[in-house]
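Read-outs throughout are calculated quantities, based only on the coordinates presented, and are distinct from any laboratory measurement. Computed from a prediction, not measured in an experiment: that's the story for all the values here. So basically every Cβ, Gly included, is an ideal-geometry build from the backbone, and we count neighbours across all protein chains shown.
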Amino acid sequence: MKLLLTGVSGLLGINFAQEMMDKHEIIGVDRGKLKSAPFKVLKHDLLDAGAVETVLDAARPDWLVNCAALADLDLCEENPDLAKQLNADLPRRLARACKERGIAFAHISTDAVFDGKKDGFYSEEDPPNPVGAYSKTKLDGEWAVLTENPKAIVARVNFYGWSLGGRRSLAEFFYNNLTNNKSMSGFTDVIFCPMLVNDTARILVQMLQRGLKGLYHLVGPQAMSKYQFGVEIARRFKLSESEITPKSVNFSGLIAKRSNNLWLSTRKLSTDLGADLPDFSTGLGEFYAQREQGYPQKIRGYQQA
Ligand SMILES: NC(=O)c1ccc[n+]([C@@H]2O[C@H](COP(=O)([O-])OP(=O)(O)OC[C@H]3O[C@@H](n4cnc5c(N)ncnc54)[C@H](OP(=O)(O)O)[C@@H]3O)[C@@H](O)[C@H]2O)c1
């Protein structure tokens, strides 16, 4: 199939392209970071007038997965208008343009649409209640997409992996500090469900192949604290977990508010796919194997002319 990926230089986009380029024809949309990617790249700023239609008419894909976003929570607080344009208005335009052209559309949302006050896990039925500019604009994006294009997939995700810049994911934060013998904190009171980004990509393709539509939680099947996640990384890479200090997010000094409990149920997705989602330790094992095989250096090399 021909798969168009917006945000292809991002953490999800680059790993998605890397994962699928041997199985599908990949076309990525990039603003100029990728100089030597082994897949086709269209250079565009998607906020430019007419860019969405130009890209779709040039690429004519079977599937579009929208990985473009303003995904930095603190930047969203500082620039709510840009957050709205990228996280709500752009998805609406993409959803509409895909519907008009008969392109299957998957939009990426976030676990952070919930306020985290629930005791237990969140299902797709639970009412969201965003706590900041990022999550509010992401929720607006979900509604815009499903209103414009009810056949679209909206996937609430949380993932980790190797990024182009080497610092985008929480796993890289722990790995970089641990390998440099630098102490760091890990939040004990923020619970989430991390999934290896390559698994996220593989499952999204399965969802497209099966013709799923509507809202899904696409996160790892195991909930843990961010501190525990850091410890798991230290153990897998045989690094010193004692460098990670357990800490409360209340003393983080971060600009944007964070929800404490982002434990999401994936039962709807695993039922509709007819399979369990890959477990945490398998994903972490693959993340480790990628490091051993030079995967981070390989994808970062795509930025060199
Ligand atoms: N990382 C996580 O764990 C996580 C958790 C929950 C949800 N999500 C969601 O997952 C999706 C992907 O996140 P990510 O972590 O991969 O984000 P990311 O690394 O920040 O990537 C965002 C992508 O959007 C592109 N982009 C931004 N503005 C653009 C514009 N005007 N025109 C074209 N492209 C533009 C960026 O291009 P440049 O490189 O040129 O800036 C980049 O490729 C987002 O929807 C995010 O909300 C991520």
What value, in deg cm²/dmol to 500, does the helix sum -39500 (n - 2.57) over DSSP H runs of n ≥ 4 give at 222 nm once divided by the residues of the chain?
-11500 deg cm²/dmol
Pick from LEU204, LEU264, LEU254: which is most flexible by mean-square fluctuation in a GNM of the chain where alpha carbon atoms under 10 Å apart are linked?
LEU254
Counting only DSSP beta bridges with both partners in the chain, the antiparallel fraction in percent, to the nearest 5, comes to 5 percent
FRET efficiency for MET21 and ASP89, Cβ-Cβ distance as r, R0 = 35 Å, nearest 0.05?
0.75
Estimated FRET transfer efficiency when R0 is 25 angstrom, pair ASP189-LYS238 (beta carbons, to 0.05):
0.35
At ARG291 and GLU78, where each label point lies 7 Å from the Cα along Cα→Cβ, what is the point-to-point distance in nanometres?
2.9 nm
Between the range 6-30 and the range 36-68, what is the C-alpha centre distance in whole Å?
11 Å
Per-residue counts of other Cβ atoms within 10 Å, averaged by peptide: what ranking do you get for 30-40, 104-114, highest first?
104-114, 30-40
Gain on full stretching of the segment that runs from LEU215 to GLN304 - 0.36 nm per residue minus C-alpha separation
28.3 nm
At R0 = 25 Å the Cβ-Cβ FRET efficiency linking ASP272 and GLU100, nearest 0.05, sits at 0.40
Quick check on the range 103-238: of the DSSP beta bridges with both residues there, what percent are antiparallel, nearest 5%?
15 percent
Provide, as a two-decimal number, the C-alpha radius of gyration of the range 84-143 over 2.2 N^0.38 Å, N being how many residues it has.
1.27
Can you give the extra length, in nm with one decimal, that the chain gains between ALA58 and THR245 once fully stretched, where that is 0.36 nm per residue apart less the Cα-Cα distance?
62.3 nm
Starting from the Cα of GLN222, step 7 Å toward the Cβ, then list every residue of the range 232-275 with an amide N under 13 Å from that point.
232-236
